Amino acid sequence: MYVTAWEDYAGGWKSVDDELRRIVRRHGWNSWQNVFTKVVFVDGIYRAGLPRVLGRDATKSVASVLVGSKAIAQSIEGLRRHHGQLTEAAVRDVLEAHGQLLAAVTSAGGIDAKSARSFASKFLHFHDAVVPIIDSRTAETRARFLTWKGAPRELRQAGMDWPRPVGCDPQYRWHVIRVALLWKHLSALGPSAKVTVKGLDHMLLRG
(Lines give C-alpha, C1' and ligand atoms only; values in the text may rest on other atoms or scores of the structure.)
Protein backbone atom coordinates (compact mmCIF):
# COMPACT_ATOMS: atom_id res chain seq x y z
CA MET A 1 0.00 0.00 0.00
CA TYR A 2 1.22 3.49 -0.84
CA VAL A 3 -0.62 6.31 0.88
CA THR A 4 -1.11 8.98 -1.75
CA ALA A 5 -0.41 12.63 -1.06
CA TRP A 6 -3.27 14.51 -2.65
CA GLU A 7 -5.49 17.47 -2.00
CA ASP A 8 -8.88 17.94 -3.61
CA TYR A 9 -8.90 21.19 -5.60
CA ALA A 10 -12.54 21.76 -4.67
CA GLY A 11 -11.61 22.52 -1.10
CA GLY A 12 -9.52 19.72 0.27
CA TRP A 13 -10.23 16.55 2.18
CA LYS A 14 -8.40 15.11 5.11
CA SER A 15 -6.18 12.20 4.12
CA VAL A 16 -3.95 9.85 6.04
CA ASP A 17 -1.16 12.24 5.04
CA ASP A 18 -2.77 15.10 6.95
CA GLU A 19 -3.19 13.03 10.08
CA LEU A 20 0.34 11.65 9.86
CA ARG A 21 1.82 15.12 9.42
CA ARG A 22 0.10 16.31 12.61
CA ILE A 23 1.52 13.36 14.53
CA VAL A 24 5.02 13.83 13.12
CA ARG A 25 5.07 17.57 13.86
CA ARG A 26 3.72 17.06 17.38
CA HIS A 27 6.55 14.70 18.29
CA GLY A 28 9.73 16.67 18.80
CA TRP A 29 13.41 15.77 18.70
CA ASN A 30 14.44 15.72 22.34
CA SER A 31 13.40 12.20 23.28
CA TRP A 32 14.25 8.90 21.66
CA GLN A 33 10.63 7.76 21.98
CA ASN A 34 9.36 10.77 20.02
CA VAL A 35 11.88 10.37 17.20
CA PHE A 36 11.32 6.62 17.11
CA THR A 37 7.59 7.26 16.68
CA LYS A 38 8.28 9.54 13.70
CA VAL A 39 10.56 6.99 12.03
CA VAL A 40 8.20 4.05 12.59
CA PHE A 41 5.15 5.89 11.28
CA VAL A 42 6.80 7.21 8.12
CA ASP A 43 8.68 4.00 7.35
CA GLY A 44 5.69 1.77 8.07
CA ILE A 45 2.88 3.70 6.43
CA TYR A 46 4.88 4.79 3.40
CA ARG A 47 6.75 1.50 2.98
CA ALA A 48 10.15 3.18 2.93
CA GLY A 49 11.76 -0.20 3.54
CA LEU A 50 14.38 0.55 6.19
CA PRO A 51 14.22 -2.97 7.70
CA ARG A 52 14.78 -4.44 4.24
CA VAL A 53 18.22 -2.82 3.97
CA LEU A 54 19.20 -2.36 7.62
CA GLY A 55 17.57 -5.34 9.32
CA ARG A 56 14.68 -5.53 11.75
CA ASP A 57 16.21 -3.01 14.16
CA ALA A 58 16.55 -0.41 11.42
CA THR A 59 14.00 2.02 12.84
CA LYS A 60 15.74 1.94 16.21
CA SER A 61 19.14 2.59 14.63
CA VAL A 62 17.87 5.53 12.56
CA ALA A 63 15.99 7.04 15.51
CA SER A 64 19.13 6.82 17.63
CA VAL A 65 21.18 8.92 15.18
CA LEU A 66 18.42 11.51 14.72
CA VAL A 67 17.43 12.14 18.32
CA GLY A 68 18.51 15.54 19.60
CA SER A 69 19.76 16.75 16.22
CA LYS A 70 19.33 20.51 16.43
CA ALA A 71 20.69 21.06 12.92
CA ILE A 72 18.11 18.79 11.31
CA ALA A 73 15.31 20.18 13.47
CA GLN A 74 16.23 23.75 12.48
CA SER A 75 16.45 22.86 8.79
CA ILE A 76 13.01 21.26 8.90
CA GLU A 77 11.53 24.19 10.79
CA GLY A 78 12.93 26.52 8.12
CA LEU A 79 10.90 24.76 5.45
CA ARG A 80 7.68 26.21 6.85
CA ARG A 81 8.55 29.70 5.66
CA HIS A 82 7.85 28.63 2.08
CA HIS A 83 4.19 27.80 2.80
CA GLY A 84 4.22 24.89 0.37
CA GLN A 85 5.48 27.01 -2.56
CA LEU A 86 8.25 25.11 -4.36
CA THR A 87 10.24 28.16 -5.44
CA GLU A 88 13.95 28.24 -6.17
CA ALA A 89 14.57 29.39 -2.60
CA ALA A 90 12.52 26.48 -1.31
CA VAL A 91 14.52 24.08 -3.47
CA ARG A 92 17.71 25.16 -1.71
CA ASP A 93 16.22 24.59 1.74
CA VAL A 94 14.74 21.23 0.73
CA LEU A 95 18.07 20.02 -0.65
CA GLU A 96 19.97 21.17 2.43
CA ALA A 97 17.54 19.44 4.78
CA HIS A 98 17.55 16.27 2.68
CA GLY A 99 21.35 16.22 2.56
CA GLN A 100 21.61 16.57 6.34
CA LEU A 101 19.05 13.85 6.95
CA LEU A 102 20.63 11.54 4.39
CA ALA A 103 24.03 11.91 6.04
CA ALA A 104 22.54 11.14 9.45
CA VAL A 105 20.62 8.08 8.25
CA THR A 106 23.58 6.61 6.37
CA SER A 107 25.71 7.05 9.49
CA ALA A 108 23.47 4.46 11.17
CA GLY A 109 25.52 1.88 9.28
CA GLY A 110 24.69 -0.66 6.62
CA ILE A 111 22.73 1.68 4.38
CA ASP A 112 23.94 3.71 1.42
CA ALA A 113 22.61 6.95 -0.06
CA LYS A 114 20.62 5.15 -2.75
CA SER A 115 18.75 3.07 -0.20
CA ALA A 116 18.16 5.97 2.19
CA ARG A 117 17.20 8.57 -0.43
CA SER A 118 13.51 7.68 -0.56
CA PHE A 119 13.11 7.40 3.21
CA ALA A 120 14.74 10.79 3.75
CA SER A 121 12.38 12.48 1.29
CA LYS A 122 9.31 10.83 2.84
CA PHE A 123 10.43 11.65 6.38
CA LEU A 124 10.88 15.31 5.43
CA HIS A 125 7.62 15.40 3.47
CA PHE A 126 5.73 14.53 6.63
CA HIS A 127 7.30 17.41 8.46
CA ASP A 128 6.51 19.85 5.65
CA ALA A 129 4.52 19.30 2.46
CA VAL A 130 6.88 21.44 0.34
CA VAL A 131 9.30 18.48 0.16
CA PRO A 132 8.86 16.27 -2.95
CA ILE A 133 8.93 12.52 -2.47
CA ILE A 134 11.20 10.39 -4.60
CA ASP A 135 10.87 6.69 -5.20
CA SER A 136 11.19 4.41 -8.20
CA ARG A 137 7.62 5.04 -9.36
CA THR A 138 7.78 8.84 -9.37
CA ALA A 139 11.25 8.78 -10.92
CA GLU A 140 9.96 6.64 -13.80
CA THR A 141 6.94 8.83 -14.60
CA ARG A 142 8.17 12.40 -14.06
CA ALA A 143 9.74 12.80 -17.54
CA ARG A 144 6.45 12.38 -19.39
CA PHE A 145 5.05 15.51 -17.73
CA LEU A 146 7.93 17.79 -18.74
CA THR A 147 6.68 18.11 -22.30
CA TRP A 148 5.72 21.78 -22.72
CA LYS A 149 7.61 23.89 -25.21
CA GLY A 150 10.79 25.18 -23.65
CA ALA A 151 10.94 22.52 -20.92
CA PRO A 152 14.29 21.06 -22.07
CA ARG A 153 15.90 24.52 -22.10
CA GLU A 154 14.46 25.39 -18.67
CA LEU A 155 15.69 22.09 -17.28
CA ARG A 156 19.21 22.60 -18.61
CA GLN A 157 19.31 26.15 -17.24
CA ALA A 158 18.01 25.10 -13.85
CA GLY A 159 20.57 22.31 -13.72
CA MET A 160 23.35 24.85 -14.16
CA ASP A 161 22.02 27.77 -12.12
CA TRP A 162 19.81 26.39 -9.37
CA PRO A 163 21.16 25.69 -5.86
CA ARG A 164 23.64 22.90 -5.31
CA PRO A 165 24.11 22.87 -1.52
CA VAL A 166 27.11 21.07 -0.03
CA GLY A 167 26.14 17.51 0.78
CA CYS A 168 23.00 17.37 -1.35
CA ASP A 169 22.25 14.12 -3.16
CA PRO A 170 22.66 14.68 -6.95
CA GLN A 171 19.85 12.35 -7.98
CA TYR A 172 17.42 13.88 -5.51
CA ARG A 173 18.49 17.36 -6.65
CA TRP A 174 17.49 16.59 -10.23
CA HIS A 175 14.18 15.13 -9.06
CA VAL A 176 13.36 18.25 -7.03
CA ILE A 177 14.32 20.55 -9.91
CA ARG A 178 12.01 18.67 -12.26
CA VAL A 179 9.13 18.79 -9.78
CA ALA A 180 9.78 22.50 -9.16
CA LEU A 181 9.67 23.29 -12.90
CA LEU A 182 6.46 21.33 -13.23
CA TRP A 183 5.01 23.18 -10.23
CA LYS A 184 6.01 26.53 -11.77
CA HIS A 185 4.56 25.68 -15.18
CA LEU A 186 1.21 24.43 -13.87
CA SER A 187 0.90 27.33 -11.42
CA ALA A 188 1.22 29.77 -14.35
CA LEU A 189 -1.84 28.32 -16.07
CA GLY A 190 -4.16 30.51 -14.03
CA PRO A 191 -5.58 31.16 -10.55
CA SER A 192 -7.92 28.18 -10.85
CA ALA A 193 -4.94 25.81 -10.97
CA LYS A 194 -4.34 25.14 -7.28
CA VAL A 195 -1.04 23.31 -7.54
CA THR A 196 0.52 21.63 -4.52
CA VAL A 197 3.56 19.44 -4.10
CA LYS A 198 1.19 16.82 -2.68
CA GLY A 199 -0.81 16.95 -5.89
CA LEU A 200 2.28 16.62 -8.04
CA ASP A 201 3.47 13.64 -6.00
CA HIS A 202 0.10 12.03 -6.58
CA MET A 203 0.23 12.78 -10.31
CA LEU A 204 3.71 11.30 -10.63
CA LEU A 205 2.70 8.27 -8.61
CA ARG A 206 -0.32 7.57 -10.78
CA GLY A 207 1.51 8.36 -14.01
| note | Of every hundred units of 1.4 Å-probe accessible area on the range 42-173, the number belonging to carbon and sulfur atoms, as a percent, is 50 percent
| note | Of 163-170, 129-136, ordering from highest average Cβ density within 10 Å down gives 129-136, 163-170
| Could you give me the ³J(HN,Hα) list for the range 70-76, computed from phi with Karplus coefficients 6.51, -1.76, 1.60 and θ = phi - 60°, whole Hz, x at Gly and Pro? | 5, 5, 5, 4, 5, 5, 5
| Sites residue 160 and residue 27 - FRET efficiency at Förster radius 45 Å, r taken between beta-carbons, to 0.05 | 0.70
| For the pair residue 136 and residue 74, what calculated FRET efficiency results from E = 1/(1 + (r/R0)^6), where r is the Cβ-Cβ distance and R0 = 22 Å, to the nearest 0.05? | 0.10
| request: Would you mind working out the accessible area per residue for the range 92-207, using a 1.4 Å probe, and quoting it in Å²? | output: 43 Å²
| request: With a point put 7 Å past each Cα toward its Cβ, work out how far residue 19 is from residue 83 in nm, to one decimal. | output: 2.9 nm
| said: Restricting to DSSP H runs of at least four residues, report the calculated mean residue ellipticity at 222 nm for the chain, -39500 (n - 2.57) per run over all residues, nearest 500 deg cm²/dmol. | reply: -18500 deg cm²/dmol
| query | Could you give the length gained on full extension between residue 107 and residue 147, defined as 0.36 nm per residue of separation minus the Cα-Cα distance, in nm? | reply | 10.5 nm
| field | Karplus-derived HN-Hα couplings along the range 119-127 (A = 6.51, B = -1.76, C = 1.60, θ = phi - 60°), whole Hz, x at Gly and Pro | value | 4, 4, 5, 5, 4, 5, 4, 8, 9
| Across the range 142-159, in residue order, what do the Karplus-derived ³J(HN,Hα) couplings come to in whole Hz, using 6.51 cos²θ - 1.76 cosθ + 1.60 with θ = phi - 60° and x for Gly and Pro? | 5, 4, 5, 8, 8, 10, 6, 4, x, 4, x, 5, 4, 5, 4, 5, 4, x
| field | Rg/Rh (Cα only; Kirkwood hydrodynamic radius) as it applies to the chain | value | 0.95
| task | Among 87, 185, 129, pick out the residue whose Cα is farthest towards the positive end of the charge dipole of the chain, where Lys and Arg carry +1 and Asp and Glu carry -1 on C-beta, about the Cα centre. | result | 185
| Which pairs, out of 60/194; 70/184; 70/114; 38/198, put more than 30 Å between their alpha-carbon atoms? | 60/194; 70/184
| said: Give me the dipole magnitude in Debye, nearest 20, for the range 159-201 about the Cα centre, with unit charges on the beta carbon: positive for Lys and Arg, negative for Asp and Glu. | reply: 100 debye
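The values are calculated or read from the model by the stated rules, or taken from the named source; none is laboratory data. Everything quoted here is computed from the prediction, not taken from an experiment. Every residue, glycine among them, receives a Cβ derived from its backbone with ideal geometry; neighbour counts consider all protein chains shown. These area figures cover heavy atoms from the full protein model, side chains too; ligands, DNA and RNA do not enter into them. Shrake-Rupley method; radii C 1.70, N 1.55, O 1.52, S 1.80 Å.
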